[in-house]
Amino acid sequence: MSEPDELYTLRAQFWLGHYGLAVEEAKSVARRPMSPALKEEREEFLARANLALGNYSGIGGSSPGLQALSIKAQFDAASGNEAAQAPLLDNIKSLAGSHSNDASVQLTASHMLLTAGQVKEALQCVSAAAATTATSSITMEHGLMALQIYLRIDRLDLARQQLMRLRSGDEDSVLTQLGSVYMNLASGSTGAADAVHTLSMLSEQYGPSPLLLNLVACALMQQGDYAGAEFKLQECIKDFAEFKTLPDTLINLICCSVQQAKPATAVVQEMQSKFPQHPYTMGLERVVQAFDREAVKYKV
């Protein structure tokens, strides 16, 4: 950007999962003079941080980007209720169609569609910006989103190409570093050490967050260090107890417990009670029901 970037810290805090700090930073920089474009971006990051904290009320505004986030707030609040979410998906698709050149709208639409399992549609929302060399924070986010989607559909080749575009745009960006972490984790144990190194640097610079601690735990599990991973996850629960426990933390704890032959019943029950509509919980329930049906056939 040619103008002073007043939102650098705000963006970094949000991207790294420091949502509470991001809210505080967004309120702090509101008093500084900045362009209309940066003011709108600040309002969007403030809304996104509140959504990440589970604060769904009061999200909205006149700009297309804030309108999209208002729809996402309603969508997130209706988690687990497909009947309530269906019209909201139609609304975001309509908004994205009428604002095809609005990067913020397209990014929010991609997040919602991916959550709904509409992977192809989610990729289409960010593919145009992701196919170019990213030159702004918003197109960098499109690039990282596309990278994550490629990893989800097991296209490591396309994800690797996307990472190269991010590096061409800004090799030192937080988003580029996160992209390299995701790429290394997807590469298996061979990339785990590099992922831990990058995450350690980010934690030293910005402080640990639930996101960073969970990523470190995943990298340690890739290396077979389940005890070390469990320590990081317990640290996450202890140090960030004021926030709602991330389902990722509980899922990773279950994995660590199973791999160490430790009882995981308590963590599974906590996952089922706190996140009954999470795909992991619902998938586990389907497996248990299938097992019970088969077990009846062999009952003596």
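A few remarks follow.
- Scanning the range 212-243 for residues that are touching a residue at least 40 places away in the same chain (Cβ under 8 Å) and either in a helix (DSSP H, G or I) or crowded, with 20+ Cβ neighbours inside 10 Å (or both) yields one hit, L212.
- Subset of the range 195-211 (residues that are assigned to a helix (DSSP H, G or I) and farther than 23 Å from I153 by Cβ): V196, H197, T198, L199, S200, M201, L202, S203, E204, Q205, Y206, P210
- Wholly within the range 17-90, helices (runs of 4 or more DSSP H) carrying at least 1 residues that are open to solvent by less than 30 Å² (accessible area, probe 1.4 Å) and touching a strand residue (DSSP E or B) at 6+ places or on another chain (Cβ under 7 Å): none
- Qualifying residue in the range 178-186 (condition: of a type in the set (F, W, Y) and either surrounded by fewer than 18 Cβ atoms within 10 Å (Cβ to Cβ) or over 17 Å from the mean Cα position of the chain (by Cα) (or both)): no
- For G117, the conditions (1) touching a residue at least 12 places away in the same chain (Cβ under 8 Å); (2) surrounded by fewer than 17 Cβ atoms within 10 Å (Cβ to Cβ); (3) not aromatic (F, W, Y) all hold with the exception of (1).
- Subset tally (residues that are open to solvent by 60 Å² or more (accessible area, probe 1.4 Å) and touching a residue at least 24 places away in the same chain (Cβ under 8 Å)) for the range 244-269: 4
- Members of the range 273-300 that are aliphatic (A, V, I, L, M) and open to solvent by 60 Å² or more (accessible area, probe 1.4 Å): M282, V287, V288, V296, V300
The values are calculated or read from the model by the stated rules, or taken from the named source; none is laboratory data. These numbers come from a predicted model, not from an experiment. A quick note on method: Cβ atoms are made from the backbone with ideal geometry, for glycine too, and the neighbour counts reach across all protein chains shown. Just the protein is used for accessible areas: all its heavy atoms, side chains included, with ligands, DNA and RNA removed. Shrake-Rupley method; radii C 1.70, N 1.55, O 1.52, S 1.80 Å.
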